[in-house]
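Any read-out appearing in this document is the output of simple, stated calculations on the displayed coordinates, not a laboratory observation. Predicted model only: the values in this text are computed from it and were never measured. Methodologically, a virtual Cβ is constructed for each residue, glycine included, from the backbone with ideal geometry; neighbour enumeration extends over all protein chains shown.
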């Protein structure tokens, strides 16, 4: 679905076009993978700012920091953060992204109940805004939180 490799069989379409044929498809997708794509030497604020500046949405940096409760940790290097706080930093880039489609691989890994609730709320809001959120999860987390994946 991320368009990184062609499907083994069949095809995946976005706006009636195969995703491999649509260069602009990538601009409509935000991907937060199992590897978080954060720079460990940079602070949480610097990591979020990097993505916000790429998307030309720097006005959302503080909102992303507040949403994921990163204020007290935003100015320390990410390499000093716990796995859960690093996950929050990675997920914060969704707030600064203009993408319509979010592909999330194990987004609740290492999160406490508060962090999980934030992800659920963010996904529900994205859905209400007409976006799409696709999450790959397994085990108890998937069964406990399956309600947000219902397609209406």
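How would 135, 42, 108, 1 line up from fewest to most surrounding beta-carbon atoms within 10 angstrom? Provide the component values of the computation, followed by the final result.
Numbers: 135 20, 42 16, 108 23, 1 13.
Going from sparsest to densest Cβ surroundings: 1, 42, 135, 108.
Going by C-beta contacts inside 10 Å, put 8, 55 in order with the fewest on the left.
Details: 8 5, 55 15.
Ordered from fewest to most neighbouring Cβ atoms within 10 Å, 8, 55 come out as 8, 55.
Using only Cα atoms, tell me the angle between helix 113-128 and the longest principal axis of the chain; keep it within 0 to 90° and round to the nearest 10.
That helix lies at roughly 40 degrees to the long axis.
Where does the chain land at 222 nm, in deg cm²/dmol rounded to the nearest 500, when only DSSP H runs of n ≥ 4 count, each adding -39500 (n - 2.57), divided by all residues? The partial results should precede the final answer.
On the way: 5 runs with 54 residues, N = 152.
So the helix-based figure for the chain works out to -10500 deg cm²/dmol.
Antiparallel DSSP bridges in the chain: what percent, to the nearest 5?
On the way: 3 of 12 bridges.
Within the chain, antiparallel bridges account for around 25 percent of the total.
Ranking request for peptides 78-91, 116-129: highest mean number of other beta-carbon atoms within 10 Å first, then the rest in descending order. Working shown, then result.
Working: 78-91: 18.6, 116-129: 15.4.
Peptide ranking by packing, descending: 78-91, 116-129.
Where does helix 83-96 land angle-wise versus the long Cα axis of the chain, in degrees 0 to 90, nearest 10?
60 degrees
For the Cα atoms of the chain, what angle does the longest principal axis make with the long axis of helix 44-54, in degrees from 0 to 90, nearest 10?
Orientation of helix 44-54: about 40 degrees from the principal axis.
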